[in-house]
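S.K.: I have a structure here, written as C-alpha cells, and I will follow up with some questions on it.
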Amino acid sequence: MRILIAVFALSSLVLFSCQKEADFANGNNGGGGGGNNTSLLKKIVSKSGSDSSVVLFGYNSSQKLTSFDAVSAIGGVDILIQERAERNAQGIIQKLIIKSDQYTQFGIDSVVTVMNYSSGRYNSKVTTIDLGVFALVDSIALVYDAAGKVVTERSYSDFGLGGYEEIGKIDYTYNGNNVASIKNYSYDSGTSSYDLVETYTYDQYDNKISPIYTGIEAFVFDSPLFYSSNNPTKSTITSSGSTETYTTTYTYNSSNKPLTGSSIIQPGNTTTTATYFYQ
C-alpha cells in the first residue's frame, strides 16, 4: 500500500471507499487546480521502488472533473479503479459510478453512489453494492461547520438487513485553505464509542498551486486533498501503532503548479516520485 500512500501525499489522491468554497449553482467549483484552469491536470505517474501508479483525469466542456482512472501495480498485483461523475445541467454531481477489477472477482460490475444535494451543498451520499441475492447499502452524512467546510463524515451501513447501523466517521481539520488533518474512526456499538484507526496529518504546505482543486466536490470523489489550495511538503500517517513521515519537494511549471514531486519516507529512507502532466 506504500504507493497509494505516496500518491496521496504527492498528488492529493486518496480513495476512502477502498480502504468557498464553491458556488455550485453557478458552476464555480474550480475544476482545474487552485482556481487556475489555464492548465488542467491530465495525468500523474508515481513510482516507489517496484510499485507504480498512473492516474488519468477527465473533464467536461466546463472544465469540471468528470472522471479519474487509477492503474496501480502494488507488490506485483495490478489494481484498476475507475470513477465517473454524472452531472446535471447545472453541473451538480448526481451519481458517482465506480468500477474496479477488485469488484469483478465478486461478480460486481460497478458500484453506484447517489448524491443528495440541497441548499447549495452536498449533504449525503448513498452507495449500493448489488450482490444479486441482496444489496449492501452504505450511507455517508456530511457535516459542515459555520464556514461551510466539511468537518465530519458519518458512515452507516444496513449490511443487507434493511436497517442502518453506524460503522464509523472521518473528522477533518483545516489550516486556512488546506486540509490539516484527517482522522478515520471505527464505531464500537457495544461501548457507543469511536476507535481511532488512522490519522493523516499535513504539517506543512508550500505556497504554490495544487495540481487539482475541486472545492467541496473533493468529498464527493472521496479525495479530500482535492480541497487543498496548496501542496503538502511534510505529512505524517499513523496507523496500527506505526508512523510514517513524508518530506516532499517539488519542481513547478510557469503556472506555479507541480511538475515533479519527490518524497523521502521515514523510517526506511524510501524515495517516492511523481510526475504531473497538464493539458
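A short reminder: the numbers here are calculations on the coordinates, not readings from a lab. All values reported here derive from a predicted model rather than from experimental measurement. Glycine also receives a Cβ, built like all others from the backbone with ideal geometry; neighbour counts cover every protein chain displayed.
S.K.: Expressed as a rounded percentage, what relative contact order does the range 176-279 have, with Cα pairs under 8 Å and six or more residues apart?
M.R.: Once normalised by length, the contact order is 21 percent.
S.K.: For the range 181-198, list residues with backbone N below 19 Å from a point placed 7 Å from the Cα of Thr238 toward its Cβ?
M.R.: Inside the label zone: 181-187, 194-198.
S.K.: Between Thr249 and Lys42, what is the label-point separation in nm under the 7 Å Cα-to-beta-carbon projection?
M.R.: 2.8 nm
S.K.: Could you list Phe226, Phe106 in order of exposure, starting from the residue whose Cβ has the fewest other Cβ atoms within 10 Å?
M.R.: Arranged by neighbour count, lowest to highest, Phe226, Phe106 become Phe106, Phe226.
S.K.: Okay, next question. Rounded if a/c is under 1.5, else prolate if a/b is larger than b/c, else oblate: which is the range 181-273, with a ≥ b ≥ c the root eigenvalues of its Cα gyration tensor?
M.R.: Verdict is oblate for the range 181-273.
S.K.: Under 30 Å Cα to Cα from Lys208, which lysines show up? Leave out anything in the same chain fewer than 8 places away.
M.R.: Partners within reach: Lys20, Lys42, Lys43, Lys47, Lys64, Lys149, Lys183, Lys234, Lys257.
S.K.: Continuing with the same structure: Using Cβ contacts closer than 10 Å as the measure, can you line up Glu217, Glu244, Glu165 from fewest to most?
M.R.: Result, fewest neighbours first: Glu165, Glu244, Glu217.
S.K.: In whole Å, how far is the Cα centre of the range 36-104 from that of the range 139-203?
M.R.: If we compute the Cα centre of each part, the gap is 23 Å.
S.K.: Cut-off is 10 Å between beta-carbons; in what order do Thr236, Thr191 appear when sorted fewest neighbours first?
M.R.: The most exposed by this proxy come first: Thr191, Thr236.
S.K.: Suppose each label sits 7 Å from its Cα in the direction of the beta carbon; what would the Ile108-Ala146 distance come out to in nanometres?
M.R.: Those two pseudo-labels are separated by 4.0 nm.
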